[in-house]
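For reference, the structure discussed in these notes is given below.
The values are calculated or read from the model by the stated rules, or taken from the named source; none is laboratory data. Being a predicted model, the structure only gives us computed values, none of them experimental. Glycine also receives a Cβ, built like all others from the backbone with ideal geometry; neighbour counts cover every protein chain displayed.
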Amino acid sequence: MTLGNRIQQLRKEHNMSQGDLADALDISRQSVSKWETDTATPDLDKLLKLSEIFDITLDELVKGQSPSPKETQTNVTTLETQPMPVAIKTGLETRQIAGIILLCMAFIVVLVCTIMGGLLAGLIFASPFLVCGFICMFIKKHVGIFCGWAINIMVIIYLQLATGSNYAMVLNPYVYSFANPIAIIVSWVHFLLIVLLIYCTIRSFGRIPIVWNKHKQTLLIIGWVVYVIIHFPTVLISNGVNLKLMIALSYISLALGIIRMILLTALIIFTLSWYKWNKEKTE
């Protein structure tokens, strides 16, 4: 029996149509049809998902073989003799333990700074521990990515308000003629870290399959149009502009910069997902 026949047999045993299986795998029905006629072969990720859907092992799916009683007994013995992880013993996951530690560190920082007479400074220094602690406590997946984005946003705000510098300085050639060299170096380091964060985010979330339709494709196009619109620099006439308005505009520019960064990352993820889906559909 070929792999295609095996997939077809298991699909019928589970009372699933080709469309049902395609929806469960987030692929097109044509892809399932090609698998069952052996004109195409599913990749490893799809094979693993098929084995989960049909509740069988990968060997049973590919080779049509069930694990021997000896292998099953060995696996059971290994699980019984293997020590339980700390997170299971305590009833807490590792991320939750890390969250509790970060929240305790935030409390200690605030307490020490308050004793020294600097409550505001304590809140500022404790904010990264506080935010990352709550992320670890309440978010189950991609905790490191979310913590990275939270810290990145706080660094952007701090550098802009405290020093007047930001990561976008490296893209402006006129800045190099008068800016402080230390500020330029800090901006370059921050810029490279942002690029790394965006890359890791795309790698993590780009694997999430999405079934695209005309409505979602239209929303993707609208997203790119919105990004282009808000990316245009705001042209201001400085003559006659009072100080309060300039401060308000600087805050708006700061917020738009953060929104542009997040929107660009999301658009790249969705665009790559659409490209992959469209490629599978045309195969």
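Of all residues in segment 101-119, none are small (Gly, Ala, Ser) and at pLDDT 90 or above.
Residue under question is Ile182, and the condition is that it be under 27 Å from His231 (Cβ atoms), out of contact with any helix residue (DSSP H, G or I) (no Cβ under 6 Å at 6 or more places or on another chain) and β-branched (Val, Ile, Thr); does it hold? So that I can check it myself, show each step before the final result.
Details: under 27 Å from His231 (Cβ atoms): no; out of contact with any helix residue (DSSP H, G or I) (no Cβ under 6 Å at 6 or more places or on another chain): yes; β-branched (Val, Ile, Thr): yes.
So Ile182 fails the test.
Could you tell me whether segment 180-188 includes any residue that is surrounded by fewer than 18 Cβ atoms within 10 Å (Cβ to Cβ) and of a type in the set (Ser, Thr, Tyr)? No, every residue in segment 180-188 fails to be surrounded by fewer than 18 Cβ atoms within 10 Å (Cβ to Cβ) and of a type in the set (Ser, Thr, Tyr). Beta carbons closer than 6 Å, at least 6 apart along the sequence or on distinct chains, pair a first residue in segment 148-161 that is of a type in the set (S, T, N, Q) with a second that is modelled with pLDDT under 90 for Gln160/Asn166; Gln160/Leu254.
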